[in-house]
Structures are given as C-alpha cells and as structure tokens.
C-alpha cells in the first residue's frame, strides 16, 4: 500500500513537471536573437555537417531580413 502511494505521488509530481515545461513559448524573435550559425570543418562527420546545415537552414528561414519583413 505504501509503495503504491509513493508511485502515485512520483507519477503525479512527474506529470506536473512535464505540464509546466510545456507552457513555454518560444518566438522566432528569441530564437533569432540567440542562435549563431554553425560552421563545420572537414574533420566533422557527415552527420554533424548535416545537422549543422539543418539548423542553419532554419535560422535562414526564420531570421533573415526578407523573412522578417513578410
């Protein structure tokens, strides 16, 4: 019985924490203010370069002056 109450309490507390973190709003303006494009090196793996390219593409789409003017 005590174990069941502890599991219930832990589950409830965990769910409350998950719900609170889901309420944060991230606007493109805050992303644009924080993100710095990533440059890769020839020593980087293909996967690392791909991930950097994807992040940089998002930055270009959201943060260039032409995109902000639209």
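The values are calculated or read from the model by the stated rules, or taken from the named source; none is laboratory data. Note that the structure is a prediction, hence the values are computed from the model and not measured. Note that each Cβ is placed from the backbone with ideal geometry, even for glycine, and that neighbours are counted across all protein chains shown.
To keep it simple, each residue is scored yes or no on (1) out of contact with any helix residue (DSSP H, G or I) (no Cβ under 9 Å at 6 or more places or on another chain); (2) modelled with pLDDT under 85; (3) exposed (fewer than 10 other Cβ atoms within 10 Å of the Cβ).
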site: 22; (1), (2), (3): yes, yes, yes
site: 32; (1), (2), (3): no, yes, no
site: 40; (1), (2), (3): no, no, no
site: 45; (1), (2), (3): yes, no, yes
site: 49; (1), (2), (3): yes, no, no
Quick check, is residue 53 out of contact with any strand residue (DSSP E or B) (no Cβ under 6 Å at 6 or more places or on another chain), loosely packed, with under 11 Cβ neighbours inside 10 Å and modelled with pLDDT of 90 or more?
no
Hey, residue 14 hits all of (1) at pLDDT 75 or above; (2) part of a helix (DSSP H, G or I); (3) surrounded by 10 or more Cβ atoms within 10 Å (Cβ to Cβ) but one; which does it fall short on?
(1)
Residue 8, sole failed condition from (1) at pLDDT below 80; (2) part of a loop (DSSP other than H, G, I, E, B); (3) over 22 Å from the mean Cα position of the chain (by Cα):
(2)
